[in-house]
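Visitor: Encoded as structure tokens, here's the structure I'll be asking about.
The values are calculated or read from the model by the stated rules, or taken from the named source; none is laboratory data. Keep in mind it's a predicted model, so treat the numbers as computed, not measured. Quick reminder, even Gly has a Cβ in these numbers, built from the backbone with ideal geometry, and neighbours come from all protein chains shown.
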Amino acid sequence: MNLTESLRNKIEQNLPMEQFLPNKLPIYVSSFVYMFGILTLTSLIVTILSGLVMVLNGPTWYQFSAAGFIFRSIHFWGVQVFFFFLFLHFFSVFFTAGWREGRYATWAIGAFLLMFSIIEAFTGFLMEGGFFAQWNQVQSKDAFNSMGVSGFFNVLNNGQLYGLHVSAIPAVLIILLIIHITLVRQKGVVPPIQIQAERHA
């Protein structure tokens, strides 16, 4: 057995195609609560794509051109929608005890995704370019100086902010997101608490 065959067999054992791309789902998945996750993912994709267009065209384009302003607005509102559905997803999973039946890793990675998303939004907010963003850079600098971490994270260094916002943090987010979605597919969607109680009765 070669490496490719071994890897393929391992994937098929842990994540069969009927779980990876299911064509039938339980009836309770039709509840709107179960849509918060995919709405979060959709808004994140819109945010990433609009951000890529901005990166490819540069700051001058999205600061001063009409088309750039449109994409900057799409990016901004994509972030707002993303966090709206992200918190709805987070709290709906929390109040439905989404970590049940061995889904602890899925829940933990989701919590890390929330944390890194906040850091990503923070760096983007400081890069916005307006007077308000620059004022917040100076205030944030004082806060980080007081914590003794400004040597590692200098919010007045726009090159560092740009690198974190455009490449480093998104890479971490995408990796965690792939693992999160894979675990959701592997473990399946968590059933409502009353259905689980009936199942074990």
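Visitor: Applying the selection to the range 38-77, what residues are surrounded by 13 or more Cβ atoms within 10 Å (Cβ to Cβ) and at pLDDT below 90?
Guide: If the condition is that a residue be surrounded by 13 or more Cβ atoms within 10 Å (Cβ to Cβ) and at pLDDT below 90, then 59, 62, 63 are the ones that fit.
Visitor: So, residue 41, is that one outside the structural domain of residue 143 (by TED's automatic domain parsing), in contact (Cβ under 8 Å) with a residue 12 or more places away in the chain and out of contact with any helix residue (DSSP H, G or I) (no Cβ under 6 Å at 6 or more places or on another chain) or not?
Guide: Spelling it out, residue 41 is indeed outside the structural domain of residue 143 (by TED's automatic domain parsing), in contact (Cβ under 8 Å) with a residue 12 or more places away in the chain and out of contact with any helix residue (DSSP H, G or I) (no Cβ under 6 Å at 6 or more places or on another chain).
Visitor: Let me ask something else. Name every residue in the range 157-167 that is surrounded by 15 or more Cβ atoms within 10 Å (Cβ to Cβ) and modelled with pLDDT of 90 or more, in order of residue number.
Guide: 164, 165, 166
Visitor: Looking at the range 26-37, which of the residues that are in contact (Cβ under 8 Å) with a residue 40 or more places away in the chain and assigned to a helix (DSSP H, G or I) is surrounded by the most Cβ atoms within 10 Å (Cβ to Cβ)?
Guide: 37
Visitor: Can you confirm whether the range 118-131 contains a residue that is of a type in the set (Ser, Thr, Tyr), crowded, with 17+ Cβ neighbours inside 10 Å and at pLDDT below 90?
Guide: The answer is no, given that none of the residues of the range 118-131 is of a type in the set (Ser, Thr, Tyr), crowded, with 17+ Cβ neighbours inside 10 Å and at pLDDT below 90.
Visitor: For a quick check of your reading: which helices (runs of 4 or more DSSP H) sit entirely within the range 98-201 and have at least 3 residues that are closer than 24 Å to residue 45 by Cα?
Guide: 104-126, 158-163, 169-187
Visitor: What's the number of the condition residue 92 fails, among (1) crowded, with 17+ Cβ neighbours inside 10 Å; (2) not assigned by TED's automatic domain parsing to the domain that holds residue 48?
Guide: Only one criterion is unmet by residue 92, namely (2).
Visitor: Something else: Pick out the one residue from 132, 144, 152 that is within 22 Å of residue 76 (Cβ to Cβ) and not assigned by TED's automatic domain parsing to the domain that holds residue 77.
Guide: Exactly one residue qualifies, and that residue is 132.
Visitor: Take residue 83 and tell me if it is assigned to a helix (DSSP H, G or I) and without any contact (Cβ under 8 Å) to a residue 60 or more places away in the chain.
Guide: yes
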